[in-house]
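A.B. asks: Sending over a structure as structure tokens; questions will come in a sec.
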Amino acid sequence: MKTHLDMYCQYLLSTHINYTCTYFSDHLTGLSHDSAHRFLRDEKLTPRLLWEKVSPLITQSSFAYIIFDDIVLDKRHSRVMGLVRRQYSGNAHGIIKGIGVVNCLYLDPINQQFWLIDFRIFDPDSDGKSKLDHVLDMLGQLKDRGVLFQTVLMDSWYATTEVMKYLIKEGKTFYCPVKSNRKADDSAGQQPYRPVDELDWSEQELAHGKVVKLHKFPMDVKVKLFWVEVSTHRTDYTVTNDVEQDDLQAIKDMCRLRWSIEQLHREEKQLTGIEESQCRLARAQRNHILAAALVWTRLKSLAYAYNQTIYQLKKGLLDKYLCQQLIKPDIAYA
């Protein structure tokens, strides 16, 4: 039996405890381990397949949001595996060995739905691209595909001058936190640039933000800077090129929207086995990651259709098994 993409995706969707090729072949009559391995090794699947799958499901809107963030698939115990490199993981709060994936999420504010529409594997050894390069590539792809959106939300890692300039040029709005040492000028050139955490804030500015010029930005480009108190121990400095924005609560709402992509990362890791493949070849890992993204898309589309969570859908498979075992157990207690 020859393994194909739909078959492998069905396996990732159905299994709960093991995502290896061996376990796959052990549970499908006529399928050999070699067949599953050859599929992952030889196929050249690309993120374009994800777009083809998800584009009919999206209700595009000029009010939509694009959210960028990356995830590190934990491979800290791997010794010889393609794509694995030491990099910072926000989940682990430190440097680990893993595979970096930069994700592009489409958030529809009208239907309150979000979809993964593109991603890139961080592998500078093979393509020489940084994570920022991948974000710019995906922004260009959005333009080529005619995807409707207005606002981009991203982490401080992507809040670079280059990315911001691109979004301003394209007429897009951005909201993103900046690092506390990012230099800005709030004195209209009367004082030198200072880190944003050293700027002085009046009561008016705390409530409505302040217009600043970021270091290395063109002289005529200003942004609005907000002091956002996340908790008693953490303050975020958020910037937007919408200088008319003066509502601190709206800024906080934008920050909350950005957490949709964290929900995606959690669901992918817990329900699709995206970081569980033990294949050593880079191509096999790429194909597995794409298949896991397709599985998440399928689960998400069903969850929206049935008004359930994707956890309810996948765990529901075990509910049916338990009901069957209680009525007619394969291993009887007595």
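A.B. asks: For region 152-183, enumerate the residues that are of a type in the set (Gly, Ala, Ser) and modelled with pLDDT of 95 or more.
C.D. replies: First pass over region 152-183, keeping only residues of a type in the set (Gly, Ala, Ser): 156, 159, 171, 180.
The answer is Gly171, and nothing else.
A.B. asks: Say whether the condition of being of a type in the set (S, T, N, Q), under 30 Å from Ala284 (Cα atoms) and in contact (Cβ under 8 Å) with a residue 12 or more places away in the chain is met by at least one residue in region 158-177.
C.D. replies: Residues of region 158-177 that are of a type in the set (S, T, N, Q), as a first pass: 160-161, 173.
Of the ones still in play, those that are also under 30 Å from Ala284 (Cα atoms) are none.
Among the residues of region 158-177, not one is of a type in the set (S, T, N, Q), under 30 Å from Ala284 (Cα atoms) and in contact (Cβ under 8 Å) with a residue 12 or more places away in the chain, which makes the answer no.
A.B. asks: Of the conditions (1) in a strand (DSSP E or B); (2) of a type outside the set (Phe, Trp, Tyr); (3) modelled with pLDDT under 95, Gln190 satisfies every one except a single condition; which number is it?
C.D. replies: Status for Gln190: all satisfied but (1).
A.B. asks: Is it the case that Leu142 is in contact with a helix residue (DSSP H, G or I) (Cβ under 7 Å, 6 or more places away or on another chain) and surrounded by 12 or more Cβ atoms within 10 Å (Cβ to Cβ)? Step through it out loud before you land on a result.
C.D. replies: Numbers: in contact with a helix residue (DSSP H, G or I) (Cβ under 7 Å, 6 or more places away or on another chain): no; surrounded by 12 or more Cβ atoms within 10 Å (Cβ to Cβ): yes.
No.
A.B. asks: Another one. May I ask you to say which residue of Phe122, Phe149 is at pLDDT 95 or above, within 16 Å of Ile67 (Cβ to Cβ) and not β-branched (Val, Ile, Thr)?
C.D. replies: Testing whether each residue is at pLDDT 95 or above, within 16 Å of Ile67 (Cβ to Cβ) and not β-branched (Val, Ile, Thr) leaves just Phe149.
A.B. asks: One residue is enough: does region 25-41 have a residue meeting the conditions within 23 Å of the chain's Cα centre (by Cα) and under 30 Å from Asp319 (Cα atoms)?
C.D. replies: Within region 25-41, none of the residues are within 23 Å of the chain's Cα centre (by Cα) and under 30 Å from Asp319 (Cα atoms).
A.B. asks: Let me ask something else about it. Only one of (1) open to solvent by 10 Å² or more (accessible area, probe 1.4 Å); (2) under 30 Å from Glu229 (Cβ atoms); (3) of a type outside the set (S, T, N, Q) is not met by Met154, so which one is it?
C.D. replies: (1)
A.B. asks: Next question. Looking for whichever is under 18 Å from Gly273 (Cβ atoms), out of contact with any Gly (no Cβ under 7 Å at 6 or more places or on another chain) and in contact (Cβ under 8 Å) with a residue 60 or more places away in the chain here; the options are His37, His27. Which one fits? Give the steps one after another, and end with the answer.
C.D. replies: Working: His27 fails: in contact (Cβ under 8 Å) with a residue 60 or more places away in the chain.
After ruling out the rest, the residue left standing is His37.
A.B. asks: Exactly one of these conditions fails for Asn181: (1) touching a Pro at 6+ places or on another chain (Cβ under 9 Å); (2) surrounded by 14 or more Cβ atoms within 10 Å (Cβ to Cβ). Give me its number.
C.D. replies: Among (1) touching a Pro at 6+ places or on another chain (Cβ under 9 Å); (2) surrounded by 14 or more Cβ atoms within 10 Å (Cβ to Cβ), Asn181 violates only (2).
A.B. asks: What about Leu49, is it within 26 Å of Gln141 (Cβ to Cβ), in a helix (DSSP H, G or I), aliphatic (A, V, I, L, M) and open to solvent by 40 Å² or more (accessible area, probe 1.4 Å)?
C.D. replies: Numbers: within 26 Å of Gln141 (Cβ to Cβ): yes; in a helix (DSSP H, G or I): yes; aliphatic (A, V, I, L, M): yes; open to solvent by 40 Å² or more (accessible area, probe 1.4 Å): yes.
Answer is yes for this residue.
A.B. asks: Restricting attention to region 76-88, does a residue exist that is open to solvent by less than 30 Å² (accessible area, probe 1.4 Å), at positive phi and either at pLDDT 90 or above or part of a loop (DSSP other than H, G, I, E, B) (or both)?
C.D. replies: Step one: list which residues in region 76-88 are open to solvent by less than 30 Å² (accessible area, probe 1.4 Å), which gives 78, 82-83, 87.
Right, trim to at positive phi and you get 83.
When the remaining residues are screened for being either at pLDDT 90 or above or part of a loop (DSSP other than H, G, I, E, B) (or both), the result is 83.
Yes.
A.B. asks: Looking only at residues that are part of a loop (DSSP other than H, G, I, E, B) and of a type in the set (A, V, I, L, M) in region 91-119, which one is least open to solvent (accessible area, probe 1.4 Å)? Talk me through it step by step, then tell me what you get.
C.D. replies: Looking only at region 91-119, we keep the residues that are part of a loop (DSSP other than H, G, I, E, B), and these are 91-93, 109-112.
Pick out the ones that are also of a type in the set (A, V, I, L, M) and you get 92, 110.
Numbers: Ala92: 43, Ile110: 120 Å².
Step by step, filter region 91-119, then rank; the result is Ala92.
A.B. asks: Name the residues in region 184-210 that are surrounded by 13 or more Cβ atoms within 10 Å (Cβ to Cβ) and among the hydrophobic types (A, V, I, L, M, F, W, C), would you?
C.D. replies: Ala184, Val196, Leu199, Trp201, Leu206, Ala207
A.B. asks: Among Thr22, Thr3, which is open to solvent by 40 Å² or more (accessible area, probe 1.4 Å), more than 20 Å from the chain's Cα centre (by Cα) and without any contact (Cβ under 8 Å) to a residue 40 or more places away in the chain? Please lay out each step first, then the result.
C.D. replies: Working: Thr3 fails: open to solvent by 40 Å² or more (accessible area, probe 1.4 Å).
Selected residue: Thr22, the only one of Thr22, Thr3 that is open to solvent by 40 Å² or more (accessible area, probe 1.4 Å), more than 20 Å from the chain's Cα centre (by Cα) and without any contact (Cβ under 8 Å) to a residue 40 or more places away in the chain.
A.B. asks: Lys129 fails exactly one of the following numbered conditions: (1) part of a strand (DSSP E or B); (2) touching an Asp or Glu at 6+ places or on another chain (Cβ under 8 Å); (3) of a type in the set (Lys, Arg). What is the number of that condition?
C.D. replies: Checking Lys129 against (1) part of a strand (DSSP E or B); (2) touching an Asp or Glu at 6+ places or on another chain (Cβ under 8 Å); (3) of a type in the set (Lys, Arg), the one that fails is (1).
The values are calculated or read from the model by the stated rules, or taken from the named source; none is laboratory data. Keep in mind it's a predicted model, so treat the numbers as computed, not measured. Please note: Cβ atoms are built from the backbone with ideal geometry, for glycine as well, and neighbour counts cover all protein chains shown. Ligands, DNA and RNA are stripped out before the accessible areas are found, and what is left, the full protein with its side chains, is counted by its heavy atoms. Shrake-Rupley method; radii C 1.70, N 1.55, O 1.52, S 1.80 Å.
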